[in-house]
Structure formats: C-alpha cells, structure tokens
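Take a look at the structure set out below.
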Amino acid sequence: MAPTLYDEKPDPGDLIEIFRGSYQHWAVYVGDGFVVHLAPPSEVPGSSANSMMSVLAEKALVKKEELWDVVGTNQWKINNSQDKKHKPRCARVIVREACAMVGQELPYCVFRGNCEHFVNELRYGKAESQQVCKARDTALIAGVAGAVLMGAVYLFGGSKKENKNKE
C-alpha cells in the first residue's frame, strides 16, 4: 500500500493529489476504492502518468482505476484546497460526471488542459491548475530578475568600460 501524507479516507468527489517527484498527478475519488483521472492513452494501467513523457502527449484518456493502482508507490493526499476559493459541486454530480467521461479521449495540454485542470473542472466547474500558475509565476519572476540583472550589467558594466577608455 502506498504511503499517504495523512491518515484520511477519501470521500466521493474528493480530489487526490499524487506526488510524482517533480510534478503532481491528480485524480477524483469516485468511491469503492476507485478514482477517475486524465492520463495519456499509451500508459498501461498502474503507470498512470508516472512518466514525464506524459506531458508531451496531445491527447489523454479519461480512466477509472483503483486508487492504489494509480498511486503506486508514491505519496498522496486528499487536496480540496480550492474549496476556500470555489464552492464545490455536489459529490453525487462530480462522481456521475466523472464516471460518464470514462473512456473519452480529450485534448491534452500541460498548460491549458492537464489532469489538474480536469479534476478541478469536475469538482468546481472551473478548469484551473495551481501547478501551472506556480510555474508561470516562477518563470515570470525569473524573467524579471534576468532583465534587471542584464540592465544592471549594461548600466554599471558599461560605465566602467567608458571610464577605462577615458584614462
């Protein structure tokens, strides 16, 4: 059995966050030990987005699998943290809609339509990904820092060169 971060049993409609090292995979718990999640169609049962190659896929398949098969040896937790921001839909509706989508092939884009977007759409009616927001913010900060650094090098580095030429 895979280790959990907390000793909690998920309820139908709960979002499950699975820690895969450098990224998280997401699923929605539908009851009786099963989850529904979005994964590349080439993935075999039980490997469910374990590979970083999954981010390069253009299509993904909605799958219903046992929670423990999806989690594997990774840590996981129930993560309904967006409940503070958005009102969750009725668990019965979440489960019904998730199960109705099983077997469908959907467009996949790590930035606009990944597994986290998928489960948040089911739970809240809003396709959002905190992973994408964090990555975007980190890239923005790095870009601004780089621009500031380049500006400083240009301003201060250039003045030293000019001073040497005047001597």
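The values are calculated or read from the model by the stated rules, or taken from the named source; none is laboratory data. Computed from a predicted model, the values in this text were never measured in an experiment. Reconstructed Cβ throughout: ideal geometry from the backbone, glycine too, with neighbour counts over all protein chains shown.
For the stretch 98-113, filtering for residues that are out of contact with any helix residue (DSSP H, G or I) (no Cβ under 6 Å at 6 or more places or on another chain) and part of a loop (DSSP other than H, G, I, E, B) leaves 5. The residues of the stretch 55-97 that are outside any loop (DSSP other than H, G, I, E, B) and hydroxyl-bearing (S, T, Y) amount to a single one, S81. Taken over the stretch 11-32, the residue count meeting the criterion of being in contact with a strand residue (DSSP E or B) (Cβ under 9 Å, 6 or more places away or on another chain) and either buried (at least 20 other Cβ atoms within 10 Å of the Cβ) or modelled with pLDDT under 95 (or both) is 14. Would you check which residues across the stretch 33-44 are modelled with pLDDT under 80 and touching a helix residue (DSSP H, G or I) at 6+ places or on another chain (Cβ under 9 Å) and list them? Hits for the stretch 33-44 are P40, S42, E43.
For the stretch 92-112, filtered to residues that are modelled with pLDDT under 95 and buried (at least 18 other Cβ atoms within 10 Å of the Cβ), the residue that is nearest to the chain's Cα centre (by Cα) is V110.
Considered as a group, the residues in the stretch 45-68 that are buried (at least 16 other Cβ atoms within 10 Å of the Cβ) and either farther than 14 Å from F118 by Cβ or not assigned by TED's automatic domain parsing to the domain that holds A27 (or both) include one that is modelled with the lowest pLDDT, and that residue is N50.
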